[in-house]
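Worksheet: one structure, shown below.
The values are calculated or read from the model by the stated rules, or taken from the named source; none is laboratory data. Quick caveat: nothing in here was measured; it's all calculated off a predicted structure. Cβ: placed from backbone, ideal geometry, glycine included. Neighbour counts: every protein chain shown.
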Amino acid sequence: MTKAQDYVETVKQTIKQRDPEQTDFQEAVFTVLDSLTPVLEKHPEYIEANLLRRIVEPERVIEFRVPWQDDTGHFQVNRGYRVQFNSAIGPYKGGLRFHPSVNLSTVKFLGFEQVFKNSLTGLPIGGGKGGSDFDPKGKSDSEVMRFCQSFMTELARHIGPDLDVPAGDIGVGGREVGYLFGAYKRLCGFKNGVLTGKNLTFGGSAARTEATGYGLLYYTQSMLKAHNDSLKDKKIKISGSGNVALYALQKANELGATVLTVSDSNGYVYDPNGINDKIVQQIKEVERGRIKEYAQQVDSAQYFEGSVWDQDIDYDIALPCATQNEINAQQAELLVKDGARYIAEGANMPNQTAAIKVYQDHGIYYGPGKAANAGGVAVSALEMSQNSERLSWSFEEVDAKLAQIMHEIFTKSEKAAQEYGMDGNYQAGANIAGFNKVATAMMVQGLV
């Protein structure tokens, strides 16, 4: 075992001992650390500075109670979190997630991933994440507002335009961001850049809603181009039907591909003629219905209960956009059998570690989430720039910048993989490219 390998294993053992119950966090960290051995061999000064131990430990973890009153007059209490992971290249930046599954391990893994995702964008933003185990589903607007006001009462003292700039995530859309911003304004005064994902009437950016889904397709487009391929006439499986999936569907249709599936937590629809994004948008965003309603409106579509990744059909590209760990090794084997050649992650960590190994063993080109779904945070950072300049750019301007950023993310990942003898391994390339920028910043700043 080399000195670099021994160092990586020592750091992994320390994490297991310190946080044995944080399995999500361990999985995210170990995936990155396993990619960094060749970097450490080239830069022994990183080992001497114990850089990995510093980079896997958040700079700050904030946990707080969130008391709020429901519509019946009863008092409820949830937990709130903000993990400010790394500020080496800029203020902490990352979303807030409101979902019953949120716990400290989840927030830490998302914050750790965010550090390198933000680094890959080339924009001056550090990494953080936050949220609560509050579930906005089934709650009235008044209940969501009261929760957001209570949540921000504590969070406000820890954030600011040059310190920490939260955004939305699962369960936190335009409604929630509006309530959070209003609460912050009452507490601290109007500071336009304190949150991103805002409404266009008070400092939001055009194309922010579409950014993650569009960015996923721009990244996928670059990945295919690197192999003398294109999206035109490709058959695509998409999971999910939320924001990311919807706008990935829309952009895929624009670029000449045929999307065969979309899904929700109950099941999926399959349409061999291609999913119509306008109908999905009407069902999910306007009517707030279930995806099975698509099959009731479109004669060529069929609805099935269960996971879309258990369906056996021929297709070319997989874009998982639903949730964490949605694809296991058996489903990955089916993906290979069905002829898919490319997979890019629209969700955060939708592939289990064993599934990723299947892709690597079978030569499937795999775009990890920290690269492929970075479009959302990229446009959030562009929103910060517009707020700082008191400007508002057009949709076309922002979309063009997004496309360029996603192309550069792929290019950086590709070059890093090639430099360290792992040509075609875009996961390792993304990890290395994201790490190198943060590592350099930490080294030149001294003991941080």
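Just checking, which of Thr2, Thr23 is among the hydroxyl-bearing types (Ser, Thr, Tyr) and under 28 Å from the mean Cα position of the chain (by Cα)?
On inspection, the qualifying residue turns out to be Thr23.
Considering only residues that are surrounded by 18 or more Cβ atoms within 10 Å (Cβ to Cβ), within 16 Å of His158 (Cα to Cα) and either touching a residue at least 24 places away in the same chain (Cβ under 8 Å) or among the polar types (S, T, N, Q) (or both), which ones fall in segment 179-191?
Across segment 179-191, the qualifying residues are Leu180, Ala183, Tyr184.
Can you spot a residue in segment 425-445 that is touching a helix residue (DSSP H, G or I) at 6+ places or on another chain (Cβ under 9 Å) and in a loop (DSSP other than H, G, I, E, B)?
So far as segment 425-445 goes, yes, one or more of its residues are touching a helix residue (DSSP H, G or I) at 6+ places or on another chain (Cβ under 9 Å) and in a loop (DSSP other than H, G, I, E, B).
Being part of a helix (DSSP H, G or I) and in contact with a His (Cβ under 9 Å, 6 or more places away or on another chain) narrows it down to one of Thr106, Thr31, Thr10, Thr14, so name that one.
Thr106
Taking Leu123 and the conditions (1) in contact with a Gly (Cβ under 9 Å, 6 or more places away or on another chain); (2) on the phi > 0 side of the Ramachandran plot; (3) not in a strand (DSSP E or B), which numbered condition does it fall short on, given that it satisfies the others?
For Leu123, the exception is condition (2).
On the basis of being among the acidic types (Asp, Glu) and within 19 Å of the chain's Cα centre (by Cα), does Asp361 make the cut?
Answer is no for this residue.
Looking at (1) within 30 Å of Ala441 (Cβ to Cβ); (2) crowded, with 23+ Cβ neighbours inside 10 Å, which one does Ala156 not meet, given that it meets all the others?
Failing condition for Ala156: (2).
Considering every residue within segment 27-40, establish whether at least one is among the charged types (D, E, K, R), at pLDDT 95 or above and touching a Phe, Trp or Tyr at 6+ places or on another chain (Cβ under 9 Å).
So far as segment 27-40 goes, no, none of its residues is among the charged types (D, E, K, R), at pLDDT 95 or above and touching a Phe, Trp or Tyr at 6+ places or on another chain (Cβ under 9 Å).
Looking only at residues that are in a loop (DSSP other than H, G, I, E, B) and modelled with pLDDT of 95 or more in segment 323-346, which one is nearest to the chain's Cα centre (by Cα)?
Gly346
Here is a yes/no grid of residues against (1) touching a residue at least 12 places away in the same chain (Cβ under 8 Å); (2) assigned by TED's automatic domain parsing to the domain that holds Gln360; (3) surrounded by fewer than 22 Cβ atoms within 10 Å (Cβ to Cβ); (4) within 20 Å of Ala344 (Cα to Cα):
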site: Phe395; (1), (2), (3), (4): yes, no, yes, no
site: Met406; (1), (2), (3), (4): yes, no, no, yes
site: Asp423; (1), (2), (3), (4): no, no, yes, yes
site: Tyr426; (1), (2), (3), (4): yes, no, no, yes
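What is the residue count in segment 39-74 for residues that are part of a helix (DSSP H, G or I) and touching a helix residue (DSSP H, G or I) at 6+ places or on another chain (Cβ under 8 Å)?
Residues that pass the stated criteria total 12.
Just for segment 192-204: of the residues that are of a type outside the set (A, V, I, L, M), in contact (Cβ under 8 Å) with a residue 12 or more places away in the chain and assigned to a helix (DSSP H, G or I), which one is surrounded by the fewest Cβ atoms within 10 Å (Cβ to Cβ)?
Filtering first and then ranking leaves Phe202.
I'm trying to understand the selection: among the residues of segment 309-322, which are in a helix (DSSP H, G or I) and either touching a Pro at 6+ places or on another chain (Cβ under 9 Å) or more than 22 Å from Asp264 (Cβ to Cβ) (or both)?
Trp309
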